[in-house]
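Comments concern the structure below.
The values are calculated or read from the model by the stated rules, or taken from the named source; none is laboratory data. Bear in mind the structure is a predicted one, so any value in this text is a computation, not a measurement. We place every Cβ from the backbone using ideal geometry, glycine too, and count neighbours over all the protein chains shown.
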């Protein structure tokens, strides 16, 4: 689960990670009140959407930049009016962009130097890893690729937690000394505590900055949480912003369906994550484009299948559907009956190819054939994928 | 010899009184698997009764192991209690714990894995379909089925299958059995980013098993476990290996059902992993329908008989 920058920074403050002072507003009337809480002087105006690349983004009304520096609070007031309620398109949002519903005002800090700091899971060792770099404000993958010697990694032993010597080591490598070193040590330790205590999946601060007066501040904040652990963090669940999620994905989650919208026109309905991913792949392999990832789970009840069809058909780009079910434990005939009822209920008019395999498949195929529905049967995944690609072309 | 489990292996089911655990305990009993004990704290002394079977229930894994001589446990307990259930197997000194549970917090698994350092217990999973060593009876009856895989699609034979995904494993097994090619053991290692046994561990076991003549390695986007296994195969494994990677069309940064199936960088995309497979002499299945045929191609090239 992702949260907004302003929410992440509120969490940072709670855990003692220093950030520039900031306030938010969700309507133009609140701009003045929000700005009143900040000191007079240079102010940042930041559009709050979950996607990255906001600064280089463009609004659909042509206005450029979702993050702006303003010399005065009066300028910030005008600038916020250009952003709020507008749709921001960035490299990460896709062409549809995201509507900006919250503006975050912060004090514009004097920057001495920018750094990079992140904490995430190192899968190879199954331990948390702190990643830091002297190259802040840049795309970290580019740094890792072009100048790996400027990227420092420290693995944390989960049985002990972060050790002082590890923090000292990082700070030395970042070239910090004096007040900066002391403030950075406190920030790194507190950020790790926050990562661990909140079950974060990733915490990224880019840039982390030093100021001429020796402060060390998190200028930006990107935080995501492990969805599996949300049950023990109601305070984090409360930060979820449904405006940032695809309505079809929200609807899917109500039925324990795992759905992700994509750009293509062939919808898929599959049981199992691995099979669902490879169904998308095989559609592309035979020249089609998948419209979604949809895993109905190992069971796939009738209600789930009906809900899945409705969600798929809510995507106007969909021109055909491929159902791929490997009924291992599930009876294929039960699944076939569910498909027939679902198709009748939603009044499907698009081409539908069904590939059923596994337990009691003969009866399942007979049910599909006897239904009178205009569906096409596929024998293997390859056969089914080729058929749907041809029907949609 | 199969790997990890044989038809003689005695199994404990943790969570046998739950719907999910109970249903699959029954299917394993139907398959002929030696399900000798159940564990549900507070229900010790009761029995799990199914047909002619009367499986005793114990309060702890240690009690169950001591009373029955079981060496393996399968875990069906809900996510908030699953980490604890795994550690209980370690404490009881079992050989193997297979965690089926989906949705265990990553932090719990980080701590479990650290706590298992140096322990004799091997963990398979979590979020996995389990392990099947097929038997010699009709539809492979008489084998050892641990977890949630359909037993009847298997056939006893000489191919090892290792995969993160349940349904993709079934797909591969079904293709093999349809071509009359049997399996030694099929291992689902699970779709989570922090798991116990990884691809490489299983590949090493298959390589050392004289009964296994060929291997199907099924992976997906995210992490570098498949790459690590492929490089080891290139250096050490003489057996034919076919590989498949799911997720070529997955968008970066999105979690594709499995918690671990997420493209983080250039190294863990499907294309990058497939390139490494090819470089390491693994016969790549172009589509999931091609997995058994890919292994047949690899076997033919090495002059190996799979049946």
Determine whether the range A:361-376 contains at least one residue that is within 21 Å of residue A:266 (Cα to Cα), facing another protein chain (nearest Cβ under 10 Å) and assigned to a helix (DSSP H, G or I).
-> no
By residue number, the members of the range B:286-307 that are in a helix (DSSP H, G or I) and under 19 Å from residue A:326 (Cβ atoms) are B:288, B:289, B:290, B:291, B:292, B:293, B:294, B:295
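Quick one: which residue in A:283, A:306, A:260 is touching a residue at least 24 places away in the same chain (Cβ under 8 Å) and closer than 23 Å to residue A:347 by Cβ?
Working: A:283 fails: closer than 23 Å to residue A:347 by Cβ; A:260 fails: closer than 23 Å to residue A:347 by Cβ.
Step by step, each of A:283, A:306, A:260 is checked, and only A:306 is touching a residue at least 24 places away in the same chain (Cβ under 8 Å) and closer than 23 Å to residue A:347 by Cβ.
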With respect to residue A:297, is the statement that it is facing chain B (nearest Cβ under 8 Å), touching a strand residue (DSSP E or B) at 6+ places or on another chain (Cβ under 9 Å), at pLDDT below 95 and within 20 Å of residue B:164 (Cβ to Cβ) true?
-> no
Candidate set: the range A:107-153, residues that are within 26 Å of residue A:21 (Cβ to Cβ) and within 14 Å of chain B (Cβ to nearest Cβ); chosen: the one surrounded by the fewest Cβ atoms within 10 Å (Cβ to Cβ) = A:118
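Yes or no, residue by residue, for (1) under 17 Å from residue B:163 (Cβ atoms); (2) in the same structural domain as residue B:172 (by TED's automatic domain parsing); (3) modelled with pLDDT of 95 or more:
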site	(1), (2), (3)
B:229	yes, yes, yes
B:233	yes, yes, yes
B:248	yes, yes, no
B:252	no, yes, no
B:265	no, yes, no
B:272	no, yes, no
B:284	yes, yes, yes
With respect to residue B:31, is the statement that it is buried (at least 18 other Cβ atoms within 10 Å of the Cβ), within 14 Å of chain A (Cβ to nearest Cβ) and either within 21 Å of residue B:151 (Cβ to Cβ) or touching a helix residue (DSSP H, G or I) at 6+ places or on another chain (Cβ under 8 Å) (or both) true?
-> yes
Just to be sure, is residue B:166 under 23 Å from residue B:76 (Cα atoms), free of Cβ contacts under 8 Å to residues at least 40 places away in the same chain and within 12 Å of chain A (Cβ to nearest Cβ)?
-> yes
What number goes with the only condition from (1) crowded, with 16+ Cβ neighbours inside 10 Å; (2) in contact (Cβ under 8 Å) with a residue 12 or more places away in the chain that residue A:186 does not pass?
-> (1)
For residue A:322, state whether it is away from chain B (no Cβ under 14 Å), in contact (Cβ under 8 Å) with a residue 12 or more places away in the chain, farther than 14 Å from residue A:306 by Cβ and under 35 Å from the mean Cα position of the chain (by Cα).
-> no
Failed condition for residue B:237, given (1) facing chain A (nearest Cβ under 8 Å); (2) surrounded by fewer than 24 Cβ atoms within 10 Å (Cβ to Cβ), with all others met?
-> (1)
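Yes or no, residue by residue, for (1) more than 17 Å from the chain's Cα centre (by Cα); (2) crowded, with 23+ Cβ neighbours inside 10 Å; (3) farther than 12 Å from residue B:39 by Cβ; (4) assigned by TED's automatic domain parsing to the domain that holds residue B:20:
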position	(1), (2), (3), (4)
B:61	yes, yes, no, yes
B:78	yes, no, yes, yes
B:87	yes, no, yes, yes
B:98	no, yes, yes, yes
B:112	yes, yes, yes, yes
B:119	yes, no, yes, yes
Looking only at the range A:237-250, count how many residues are surrounded by 16 or more Cβ atoms within 10 Å (Cβ to Cβ) and touching a helix residue (DSSP H, G or I) at 6+ places or on another chain (Cβ under 6 Å).
-> 2
When only residues in the range B:64-76 that are away from chain A (no Cβ under 14 Å) and over 13 Å from residue B:9 (Cα atoms) count, which is surrounded by the most Cβ atoms within 10 Å (Cβ to Cβ)?
-> B:75
Filter pass, residue A:261 being at the interface with another protein chain (Cβ under 10 Å from one of its Cβ atoms) and under 16 Å from the mean Cα position of the chain (by Cα) = yes
What number of residues in the range B:211-227 are in contact (Cβ under 8 Å) with a residue 40 or more places away in the chain and either more than 18 Å from residue B:132 (Cα to Cα) or facing chain A (nearest Cβ under 10 Å) (or both)?
-> 9
Confirm whether residue A:354 is away from chain B (no Cβ under 13 Å), in contact with a helix residue (DSSP H, G or I) (Cβ under 7 Å, 6 or more places away or on another chain) and not in a helix (DSSP H, G or I).
-> yes
Checked B:223, B:247, B:219, B:196 against criteria (surrounded by 24 or more Cβ atoms within 10 Å (Cβ to Cβ) and under 22 Å from residue B:159 (Cα atoms)); the one match is B:219
Inspect the range A:305-312 for any residue being surrounded by fewer than 23 Cβ atoms within 10 Å (Cβ to Cβ), at pLDDT below 95 and either over 31 Å from the mean Cα position of the chain (by Cα) or not in a helix (DSSP H, G or I) (or both) and give the result as yes or no.
-> no
